[in-house]
């Protein structure tokens with residue numbers, strides 16, 4: 001006997017049929033008056049639309065929409081607060097004696113500039129411990 005369908009085509013059609021059976025069984029389970037042979041595309045569409053109009057689902061959607069609105073309000077207020085704080089920072093930075101953060105150097109960093117020459121000397125003279133020690137004494141570090 002010759003095959004009309006290849007195995008892969010049969011598998012695809014079988015999977016589609018199984019999926020349709022799942023949908024039909026789901027619709028039949030929700031409606032006792034229906035039989036599997038009564039299920040058509042229109043019946044499936046009506047079942048889907050009746051789920052959309054479910055009061056419990058509508059209530060959940062309404063609650064979620066309220067939450068979204070509340071969160072949008074929070075975002076708006078936080079954005080406004082951020083903008084106000086940015087303008088306060090700008091105003092404070094223009095006061096006399098205000099120093100830009102980018103030009104301010106902590107004391108530790110300012111003193112480390114002096115040791116850079118010793119570090120550079122040590123990098124150039126690796127392995128020459130006596131010369132590095134002499135340079136450190138010259139810089140007053142030892």
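With r as the distance between the Cβ atoms of residue 4 and residue 25 and R0 = 22 Å, compute the FRET efficiency 1/(1 + (r/R0)^6) and round to 0.05. Using R0 = 22 Å, I get an efficiency of 0.20. Mark the label point 7 Å from the Cα of residue 87 along Cα→Cβ and return the residues of the stretch 62-81 whose backbone N is within less than 19 Å of it. Those under the cut-off are 75-81.
When 32, 83 are arranged by Cβ crowding within 10 Å, least crowded first, meaning fewest neighbours, the order is 32, 83.
Pairs of Cα atoms in the stretch 7-53 fall into 5 Å distance bins, from 0 up to the last occupied one, in shares of 4, 21, 26, 20, 12, 9, 5, 2, 0 percent.
The numbers here are math on the coordinates, done by the rules we state, and not lab data. From a predicted model like this one, the values you see are computed outputs, not experimental measurements. Every residue, glycine among them, receives a Cβ derived from its backbone with ideal geometry; neighbour counts consider all protein chains shown.
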